[in-house]
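The values are calculated or read from the model by the stated rules, or taken from the named source; none is laboratory data. If you're wondering where the values come from, they're calculated on a predicted model, not measured in any experiment. Heads up, the Cβs are rebuilt from the backbone with ideal geometry, glycines too, and the neighbour counts pull from every protein chain shown. For accessibility, only protein heavy atoms count, side chains too; no ligands or nucleic acids. Shrake-Rupley method; radii C 1.70, N 1.55, O 1.52, S 1.80 Å.
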Amino acid sequence: MIAMLDPKMLTVLVTGATAGFGEATCRRFADAGSKVIATGRRAERLDALKKKLGARCHTITLDVRERKAVEAAIAGLPKDFAAINVVVANAGLALGLEPAHKTKMEDWEDMVATNINGLLYTVRATLPGMVERDEGHVVLIGSVAADYPYPGGNVYGATKAFVKQFALNLRSDVLGSNVRVTNIEPGMAETEFALVRFKGDAEKAKAPYKGLQPMSADDIAETIFWSCTLPRHLNINRMQMMPVAQAFGPFVFARK
Ligand code: NDP
Ligand code: 8X3
């Protein structure tokens with residue numbers, strides 16, 4: 001047996017806490033006694049979460065694409081929530097599944113603005129405090145799409161490849177401090193992800209999960225919680241997760 005960290009000592013900031021992995025992560029930590037700062041754009045969802053989690057939960061309505069708003073939100077945290085030990089940069093999305101020559105440039109821009117810029121704003125605003133306190137954990141949410149190409153994954157997968165390399169480079173930068181960096185790289189999980197990708201088309205969004213058991217938001221939240229409560233000398237660099245029902249395809253060839 002190893003001595004896990006006491007989650008009651010943790011203050012956890014989560015972006016994208018209004019649904020899916022982010023919401024489940026807030027619940028997981030709060031249920032274990034951590035303080036959580038839940039952020040996202042949909043204020044009514046944040047209010048509902050706060051109602052469930054009570055005083056341990058502080059909420060901020062926030063669009064991660066807005067650098068100044070992210071900086072102001074983190075600089076303006078109430079004293080009780082200001083010493084963040086864990087930041088989960090989770091807010092992200094895929095938009096569309098069209099091939100690169102047909103996709104909307106606005107969708108590409110939005111994915112870059114959210115999955116890359118938003119993640120960078122979140123990390124840059126929280127990391128100095130962690131390094132100064134010589135304690136903290138940056139959790140980034142990558143994806144198997146960073147490693148395995150698929151048709152229509154074009155910019156989405158590329159944003160997650162950015163996340164993968166950024167996580168590894170962050171580790172190099174904070175080496176010598178007690179700050180940990182982990183990239184959680186999930187495969188198929190059933191959340192609102194597909195509904196967002198297919199822009200509200202519920203039928204299309206259900207199709208990928210038909211006839212198999214995908215991962216759940218709670219599966220991912222549990223893994224984040226576990227990696228963050230490991231003893232301080234341990235760092236999970238990358239963790240790739242898939243449902244048992246998912247694996248890899250062979251090479252494909254276009255024959256004339
Ligand atoms: P959901 O759509 O269920 O949740 C996404 C969350 O991100 C929501 O809370 C949404 O909140 C938030 N978000 C999106 N854009 C912004 C923004 N501009 N500012 C602030 N918050 C934003 O999806 P998941 O939980 O599945 O996705 C979470 C992360 O996991 C994403 O980074 C995704 O790429 C990644 N991922 C998902 C996988 C899956 O199969 N589900 C697999 C691998 C990775 P709101 O709209 O209220 O702002
Ligand atoms: C989400 C997983 O396979 O839809 O990152 O890209 S996938």
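At a glance:
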item: Residue 68-residue 3 FRET efficiency (beta carbon distance; Förster radius 35 Å; 0.05 resolution); result: 0.30
item: Helix-only CD estimate at 222 nm, as mean residue ellipticity for the chain, using -39500 (n - 2.57) per DSSP H run (n ≥ 4); result: -11500 deg cm²/dmol
item: Accessible area in square angstrom per residue, the range 50-172, 1.4 angstrom probe; result: 48
item: Trypsin sites (Lys or Arg not before Pro) within the range 104-133, DSSP loop, no more than 12 other Cβ atoms inside 10 Å; result: 104
item: For residue 135, distant residues with modelled amide H under 5 Å away; result: 178
item: Separation in nanometres of the label points that stand 7 Å from Cα toward Cβ, at residue 242 and residue 42; result: 2.9
item: Radius 9 Å from Cβ of residue 24, net charge of other residues (Lys, Arg +1; Asp, Glu -1); result: -2
item: Apportionment of accessible area to carbon and sulfur, the range 58-203, percent (1.4 Å); result: 56
item: DSSP H segments from the chain that extend 24 Å or more along their own axis, Cα-based, with Kyte-Doolittle mean of 0.0 or above; result: 154-174
item: Pair residue 218, residue 147: separation of 7 Å Cα→Cβ label points (nm); result: 2.7
item: Violating pairs (Cα-Cα greater than 23 angstrom) within the set 52/204; 50/79; 102/204; 8/51; 160/256; result: 52/204; 160/256
item: For the chain: relative contact order, % (alpha-carbon pairs under 8 angstrom, 6 or more apart); result: 20
item: Spacing of the two label points (7 Å from each Cα toward its C-beta) at residue 204 and residue 52, in nm; result: 2.8
item: Neighbourhood net charge (15 Å Cβ-Cβ; Lys/Arg +1, Asp/Glu -1) for residue 217; result: -3
item: Residue-span extension gain [residue 113 to residue 233] - 0.36 nm each, minus C-alpha spacing; result: 39.8 nm
item: The range 54-112-the range 148-200 distance, computed between alpha-carbon centres (Å); result: 13
item: The range 125-156 residues near the modelled residue 31 label - backbone nitrogen below 17 Å, point 7 Å along Cα→Cβ; result: none
